[in-house]
Amino acid sequence: YSSCPDLKAFERRLTEYIACLQPATGRWRMILIVVSVCTATGAWNWLIDPETQKVSFFTSLWNHPFFTISCITLIGLFFAGIHKRVVAPSIIAARCRTVLAEYNMSCDDTGKLILKPRPHVQ
């Protein structure tokens, strides 16, 4: 497609856009990992505490603020759409593949266009 400046411009813009999403995606992934590890650690401490079985649910949560806060934060992050933000470049690439399939093309995860051979018409 070296003779098609529109395709080159589209590919350049798509790769630029996906590359631009990568730093933010990495930050969101790190935030999700940290909050998930905090929640898992807090849950472990909450579950192995012998007092947890003896008191009410809300009292046990009150006795374990680290778990409670990290769990609320994790739930809040999911309601805010972190699960979409950590995979945003993949979503963009998949949607582009769907549209490009109509034109007998595809793209990789970085946004580089892949031209498929033309089907033989008989």
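Of all lysines in the structure, the ones whose alpha carbon falls short of 27 Å from that of Lys112, not counting any fewer than 8 places away in one chain, are Lys8, Lys84. Multiplying the residue separation of Ala101 and Asp6 by 0.36 nm and removing their Cα-Cα distance gives an extension gain of 32.5 nm.
Matching the structure-derived Rg/Rh (Cα atoms, Kirkwood Rh) against the labelled list (i) 1.29; (ii) 1.05; (iii) 0.96 gives the label (i). Of the DSSP H helices in the chain, those that are both long (alpha-carbon extent of 20 Å or more along the helix axis) and hydrophobic (Kyte-Doolittle mean at least -1.0) are 5-48, 65-79.
Highest mean first, what order results for 67-76, 29-38 on Cβ atoms within 10 Å? Before the final figure, lay out each step's value.
Working: 67-76: 16.1, 29-38: 14.1.
In descending order of packing, they fall as 67-76, 29-38.
Taken together, the values in this text are just the output of simple stated rules run on the coordinates, not laboratory data. Please read these numbers as outputs of a predicted model, since none were measured by experiment. No Cβ is skipped: glycine too gets one built from the backbone with ideal geometry, and neighbour counts run over all protein chains shown.
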